[in-house]
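> Would you mind keeping the following structure in view while I ask a few things?
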Amino acid sequence: MKKNKSVSKELFEKLAGIEHERWAHWQEYVFKICKINPDNNDELIIPGWAVKHWTRQISTPYKKLSEKEKESDREQVLKYWHLIQSYIKEKENKTVE
């Protein structure tokens, strides 16, 4: 049982690392398209086109996204899918034993 917990924790930490990389990449993109507020250098102004686009995406269920938008989400999953497949395979092998 201890080994399973350590495998789960190891997988969890690997996924958290990938999530951090994903978030950092996204933030870098957002910072790149935003403008610095001339009245306050600590604030960024998000362009109107991005606000409109992201607001629509936020309120749209995955199933109703365009294929291009779904593909973007799928690309993110591919970054960690191999870890999940390995974990599932290991669990299946332990069940057979």
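The values are calculated or read from the model by the stated rules, or taken from the named source; none is laboratory data. As the structure is a prediction and not an experimental result, all values here were calculated from the model. For neighbour counting, all protein chains shown are included, and Cβ atoms are generated from backbone atoms with ideal geometry for every residue, glycine included.
> Against the condition among the aromatic types (Phe, Trp, Tyr) and touching a residue at least 60 places away in the same chain (Cβ under 8 Å), how does TYR29 come out, does it pass?
Working: among the aromatic types (Phe, Trp, Tyr): yes; touching a residue at least 60 places away in the same chain (Cβ under 8 Å): no.
No, not satisfied.
> With respect to ARG22, is the statement that it is in contact (Cβ under 8 Å) with a residue 24 or more places away in the chain and assigned to a helix (DSSP H, G or I) true?
So ARG22 fits the description; yes.
> Of the numbered conditions (1) outside any loop (DSSP other than H, G, I, E, B); (2) at pLDDT 95 or above, ASN93 satisfies every one except a single condition; which is it?
ASN93 satisfies every listed condition except (2).
> Checking the structure you have, find out if any residue of the range 65-87 is part of a helix (DSSP H, G or I), exposed (fewer than 12 other Cβ atoms within 10 Å of the Cβ) and more than 19 Å from the chain's Cα centre (by Cα).
The answer is no, given that none of the residues of the range 65-87 is part of a helix (DSSP H, G or I), exposed (fewer than 12 other Cβ atoms within 10 Å of the Cβ) and more than 19 Å from the chain's Cα centre (by Cα).
> Output the residue which, of all residues in the range 41-60 that are part of a loop (DSSP other than H, G, I, E, B) and not small (Gly, Ala, Ser), is nearest to PHE31 (Cα to Cα).
ILE46
> Of the numbered conditions (1) under 19 Å from the mean Cα position of the chain (by Cα); (2) exposed (fewer than 10 other Cβ atoms within 10 Å of the Cβ); (3) among the aromatic types (Phe, Trp, Tyr), TRP26 fails exactly one; give the number of that condition.
(2) is the only condition that TRP26 fails.
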